Amino acid sequence: MTDKDADDGRMSERRQGARRRRIKKVTPQYLERVGLWYLERFGSSSANFERILWRRVERSAKEHGTDPEEGRKAIVALVSKLQRAGSLNDRAYAQSRARGLFRKGQSLKAIDQSLRQKGLAEEDRQAAIEQFEEADEDTNLAAAATYARRRRLGPYRPSEKRAETRERDLAALARRGFDYATAREVIDAEDPEILEAVAHKILAFL
């Protein structure tokens, strides 16, 4: 064996050892610590929270031979405990996330899809969408205007470039889930301040 082979072997052992140290053995107490740490920093739906902890359980089972079924039971118990305490509230999370996505210029269709991906139930997604409908019937128009402003599309481009980029800008809004009529109204707008007034109205309501 050459010195290089020996060095490579030691490096491999160190990497494996570091990996073993990083993967903690899952216990109910450990899952609760990790879960609370996560919720202190990020919002989450119950389903997304379960997925995050389940990945820990799977890695622990592979590395330490712990029982995945015991881990699953611990997660279910922890989720129930946090829901009772109000630390996990799917309805509030759905509404908060929806507002954040709207402020980034997401269409209602895209917002609903994002909430679905987080594992939120239909009734929670619907409640999140209804808050915009209560604010104004032009919610999608306001969101499209917000996105156009952020990406400098349509009326936010220099006037001499609007014609040549029109189709590209319409396609950009279509990819974000906006219908053609809404996209056209935004991209062809003469005065972006009128569009922004609608968005400000909805944001003030929320």
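The values are calculated or read from the model by the stated rules, or taken from the named source; none is laboratory data. In this text the structure is predicted, and so the values were computed from the model without any measurement. Note that each Cβ is placed from the backbone with ideal geometry, even for glycine, and that neighbours are counted across all protein chains shown. Heads up: the accessible areas ignore ligands, DNA and RNA and are worked out on the full protein's heavy atoms, side chains in. Shrake-Rupley method; radii C 1.70, N 1.55, O 1.52, S 1.80 Å.
Structure summary
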{"item": "Contacts under 8 angstrom Cβ, first residue in region 176-203 being without any contact (Cβ under 8 Å) to a residue 60 or more places away in the chain and outside any loop (DSSP other than H, G, I, E, B), partner surrounded by fewer than 17 Cβ atoms within 10 Å (Cβ to Cβ) and aliphatic (A, V, I, L, M), 6 or more apart", "result": "Y180/A174; A183/A174"}
{"item": "Residue among K104, K109 that alone is surrounded by fewer than 16 Cβ atoms within 10 Å (Cβ to Cβ), within 23 Å of D169 (Cβ to Cβ), within 17 Å of the chain's Cα centre (by Cα) and in contact (Cβ under 8 Å) with a residue 60 or more places away in the chain", "result": "K109"}
{"item": "Pair list, Cβ < 8 Å and 6+ apart or interchain, from region 49-65 residues that are free of Cβ contacts under 8 Å to residues at least 60 places away in the same chain and farther than 12 Å from L31 by Cα to residues that are of a type in the set (A, V, I, L, M) and open to solvent by less than 70 Å² (accessible area, probe 1.4 Å)", "result": "R59/I23; A61/V26; E63/I23; H64/I23; H64/V26"}
{"item": "Test result for R149, in a helix (DSSP H, G or I), surrounded by fewer than 20 Cβ atoms within 10 Å (Cβ to Cβ) and either of a type in the set (F, W, Y) or out of contact with any helix residue (DSSP H, G or I) (no Cβ under 7 Å at 6 or more places or on another chain) (or both)", "result": "no"}
{"item": "Pairs with Cβ under 7 Å, 6+ apart, first in region 134-149 and within 15 Å of I194 (Cβ to Cβ) and of a type in the set (S, T, Y), second modelled with pLDDT under 85 and open to solvent by less than 20 Å² (accessible area, probe 1.4 Å)", "result": "T146/A199"}
